[in-house]
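The structure under discussion appears below in the form of structure tokens.
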Amino acid sequence: MNKTKKKILIFMGPPGSGKGTQTDMLAERLKIPAISTGELLRLEMKNNTKIGKAIRKTMDSGRMVADETVKEITEKRLAEPDTKKGFILDGYPRHKKQIKDLEEIFQKLHQEEKDISVFYIYVSSQESRKRLGKRRVCYSCGSTYHLEINPPKKKNICDACGHKIERRKDDEPKAVSRRLRNFHSENDPLLDHFSARKILFRINGEQDIKKVQKDILADLKKTPS
Ligand code: AP5
Ligand code: MG
């Protein structure tokens, strides 16, 4: 019998490469949830939970949050029923230890057969800095804007929920530099790992948003359906 496997898409890429932008579009199209560990962590901060209070300084300064914390919130999210048919991960795993953590989560929660594909969206550090300088977010509903490419209809007001939009704390230049350093020090071993498993697709992120999505969809067609 030809049983449909669970579709799991993992998105990697430097800060500002467009992971959130692309995974949100893809989630809508594929009708599976996009799960960003960055968003999950920001939600903890917004709700002022114990985790939220503990990670605020780390997040705002652009440092990596402890593996156990990220594993805990990811596991909790992947236990939700909407992940049953598949899901998209944005920003997890970020280094080799987290690959192991994710495998452990799968052992517990998603033991069925899976089709896993990894998309690496690459952009230069210069492009990351340029984009993040113009990014604004709504801390209330999570919507993301770019002051030139995708501005809100009303200045500084979120189209989706009417709250004020602001600069992400970790989009200050010093925090961006740290995030870029973190990313580049961990990225190559991850790429080697997924490339060796022949599940890695490299996507040029320095094209307009629709073209990037088109390239992702073209590669997605090459994966088992
Ligand atoms: P996270 O929120 O995931 O941050 P990031 O990985 O640095 O990525 P960003 O969200 O900044 O960028 P993006 O690629 O999503 O780009 P976007 O689509 O918004 O993580 C934040 C923090 O959480 C980490 O620093 C760490 O502290 C912690 N954390 C998260 N995961 C963790 C983990 N696994 N382990 C430990 N700690 C973890 O686009 C950016 C801007 O560009 C937007 O304004 C957008 O409109 C615009 N844009 C998008 N695409 C294009 C395009 N093609 N052309 C022009 N502009 C574009
Ligand atoms: Mg993001």
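The values are calculated or read from the model by the stated rules, or taken from the named source; none is laboratory data. Note that this is a predicted model, so its numbers are computed, not measured. In this analysis, Cβ positions are derived from the backbone assuming ideal geometry, glycine residues included, and neighbour counts consider all displayed protein chains.
Tabulated values for the structure
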{"item": "Flag if V65 is over 24 Å from K31 (Cα atoms), within 8 Å of ligand 1 (Cβ to nearest atom), surrounded by fewer than 20 Cβ atoms within 10 Å (Cβ to Cβ) and of a type outside the set (K, R)", "result": "yes"}
{"item": "Qualifying residue in the range 67-86 (condition: of a type in the set (K, R), at pLDDT below 95 and over 18 Å from C138 (Cβ atoms))", "result": "yes"}
{"item": "Number of the exception - Y139 against (1) modelled with pLDDT of 95 or more; (2) of a type in the set (F, W, Y); (3) within 22 Å of K46 (Cα to Cα)", "result": "(1)"}
{"item": "Close pairs (7 angstrom Cβ cut-off, 6 or more residues apart or separate chains): farther than 16 Å from G62 by Cβ in the range 165-193, assigned to a helix (DSSP H, G or I) and modelled with pLDDT of 95 or more anywhere", "result": "H193/I99"}
{"item": "Selection within the range 70-98 - within 17 Å of the chain's Cα centre (by Cα) and without any contact (Cβ under 8 Å) to a residue 24 or more places away in the chain", "result": "E72, K76"}
{"item": "Top-ranked residue of the range 44-53 - restricted to ones that are in contact (Cβ under 8 Å) with a residue 12 or more places away in the chain and surrounded by 15 or more Cβ atoms within 10 Å (Cβ to Cβ), ranked as farthest from ligand 2 (Cβ to nearest atom)", "result": "I51"}
{"item": "Extreme residue, modelled with the lowest pLDDT, among residues of the range 181-220 that are of a type in the set (G, A, S) and within 16 Å of G91 (Cβ to Cβ)", "result": "S185"}
{"item": "Condition check for L9: more than 14 Å from ligand 1 (Cβ to nearest atom) and surrounded by 21 or more Cβ atoms within 10 Å (Cβ to Cβ)", "result": "yes"}
{"item": "Matching residues in the range 170-185 - criterion: being in a helix (DSSP H, G or I) and among the acidic types (D, E)", "result": "D170, D171"}
{"item": "The range 16-29 residues that are basic (K, R), paired with ones that are in a helix (DSSP H, G or I) and within 9 Å of ligand 2 (Cβ to nearest atom) (beta carbon under 6 Å, 6 or more apart)", "result": "none"}
{"item": "First in the range 119-137 and farther than 23 Å from H193 by Cβ and within 11 Å of ligand 1 (Cβ to nearest atom), second anywhere and in a helix (DSSP H, G or I) and among the acidic types (D, E), Cβ under 7 Å, 6 or more apart", "result": "L132/D171; R135/D171"}
